[in-house]
1. Among the residues of the range 104-129, count how many are in a helix (DSSP H, G or I) and among the hydrophobic types (A, V, I, L, M, F, W, C).
2. Among the residues of the range 144-153, is any modelled with pLDDT under 95 and either outside the structural domain of L110 (by TED's automatic domain parsing) or among the small types (G, A, S) (or both)?
3. Hey, could you check the range 93-142 for residues that are within 20 Å of Y74 (Cβ to Cβ) and among the charged types (D, E, K, R) and say which is surrounded by the fewest Cβ atoms within 10 Å (Cβ to Cβ)?
4. Only residues that are part of a loop (DSSP other than H, G, I, E, B), within 30 Å of V97 (Cβ to Cβ) and of a type in the set (A, V, I, L, M, F, W, C): list them for the range 144-195, please.
5. Taking the condition among the polar types (S, T, N, Q) and touching a helix residue (DSSP H, G or I) at 6+ places or on another chain (Cβ under 7 Å), does T165 pass?
6. Within the range 163-181, does at least one residue satisfy the condition of being under 18 Å from the mean Cα position of the chain (by Cα), in the same structural domain as V79 (by TED's automatic domain parsing) and among the β-branched types (V, I, T)?
7. Residues that are within 18 Å of A151 (Cα to Cα), surrounded by fewer than 23 Cβ atoms within 10 Å (Cβ to Cβ) and at pLDDT 95 or above: does the range 70-91 have at least one?
Amino acid sequence: MTRLRGLWTAAGAVTLLLLSGCAQAGAGAEAPPSATGSSGVPGDGDTLMLRVAHSGGFVGPDALAGRMPETSVYADGRVIFNGPVPAVYPGPALPNVQVLTISPDALGALIDKAVAAGVEDGADFGHPGVADAPTTEITVWTASGEQKVGAEALNEARADDPELTAAQKQAREKLLAFTEQLNKMTTEPTGGTPQEYRPETLAAIVRPYVEPGDGLPERPQTAEWPGPALPGESLSPTTGLSCVTATGKQADAVLAAAKDANSATPWISGGDAYSVRLRPLLPDETGCADLKAAR
């Protein structure tokens, strides 16, 4: 598994005041059947306890494969999430992934809040009349094991969508409120400053470089690829995407080079040019295989 490098502990414990209405910590957050400390939190800090992610939507195959979960919460209290990005083109070469740390009590309260919001296998959120919108998927570990739900167009659908029943509208309102509170926890932290997430393993989704035809007067400046030889292993024969992973000094070199690049930079490896989407791997991910299942 990947493990966080750097000074993420500097974030400190974040008190989730916005979740003060939740039940007491641990009431609905029984750990998986692994080594467990006295606090009820699994001994393996990389155990995933809660995740909010998007699937589908009108995006390209490389964006699907490289899309980061919105928020991932782990048993040791790490909250890893997507930070803000500048609204410019081309965008940064590396996504702005940040991390903060919450206390065991706050973690238990967060799990309780997710359960209260309706994260339970079989929950019905209906099918709104919205095309090409992503599905919000929320996974949480509870006393009953892993629970997962998906709500289509959770942020895009109208509150009065005629395709939804009254019960489905009510369920979606509760789930949306939970995601908004979770977003507030990361955008307005109350107990510490989020830090840059530096992964042990960095993945790169690769495709042959094609001139963008975006009308910009200058061709993007090329950069020498300092990681493993491209294009790497195939992710999907139908899309032509491939993948490589970098660790240790190679990962450090790619991260350093990415600071002087952007999302349109052609990377040169073995004399050929490639477009690369960088994707930091999370603590519960191990390699390119984790990206093959992206939807």
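The values are calculated or read from the model by the stated rules, or taken from the named source; none is laboratory data. All of these numbers come straight from a predicted model, not from anything done at the bench. Quick reminder, even Gly has a Cβ in these numbers, built from the backbone with ideal geometry, and neighbours come from all protein chains shown.
1. The initial filter retains those residues of the range 104-129 that are in a helix (DSSP H, G or I), namely 104-116.
Filter again for among the hydrophobic types (A, V, I, L, M, F, W, C), leaving 106-107, 109-111, 114-116.
Result for the range 104-129: 8.
2. Taking every residue of the range 144-153 in turn, at least one turns out to be modelled with pLDDT under 95 and either outside the structural domain of L110 (by TED's automatic domain parsing) or among the small types (G, A, S) (or both).
3. D105
4. Once the filter is applied, which keeps residues that are part of a loop (DSSP other than H, G, I, E, B), within 30 Å of V97 (Cβ to Cβ) and of a type in the set (A, V, I, L, M, F, W, C), the range 144-195 yields A153, L154, A157.
5. Numbers: among the polar types (S, T, N, Q): yes; touching a helix residue (DSSP H, G or I) at 6+ places or on another chain (Cβ under 7 Å): no.
When the stated conditions are applied, T165 does not pass them.
6. Yes, the range 163-181 contains a residue that is under 18 Å from the mean Cα position of the chain (by Cα), in the same structural domain as V79 (by TED's automatic domain parsing) and among the β-branched types (V, I, T).
7. Of the residues in the range 70-91, the ones within 18 Å of A151 (Cα to Cα) are 70-72.
Filter again for surrounded by fewer than 23 Cβ atoms within 10 Å (Cβ to Cβ), leaving 70-71.
Cutting the leftovers down to at pLDDT 95 or above gives us 70-71.
There is at least one residue in the range 70-91 that is within 18 Å of A151 (Cα to Cα), surrounded by fewer than 23 Cβ atoms within 10 Å (Cβ to Cβ) and at pLDDT 95 or above.
Residue by residue, here is whether (1) in the same structural domain as P92 (by TED's automatic domain parsing); (2) at pLDDT 95 or above; (3) of a type in the set (A, V, I, L, M); (4) surrounded by fewer than 21 Cβ atoms within 10 Å (Cβ to Cβ) holds:
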position: G227; (1), (2), (3), (4): no, yes, no, no
position: L230; (1), (2), (3), (4): no, yes, yes, no
position: L235; (1), (2), (3), (4): no, no, yes, no
position: G240; (1), (2), (3), (4): no, no, no, yes
position: V244; (1), (2), (3), (4): no, yes, yes, no
position: Q250; (1), (2), (3), (4): no, yes, no, yes
position: A253; (1), (2), (3), (4): no, yes, yes, yes
position: A256; (1), (2), (3), (4): no, yes, yes, yes
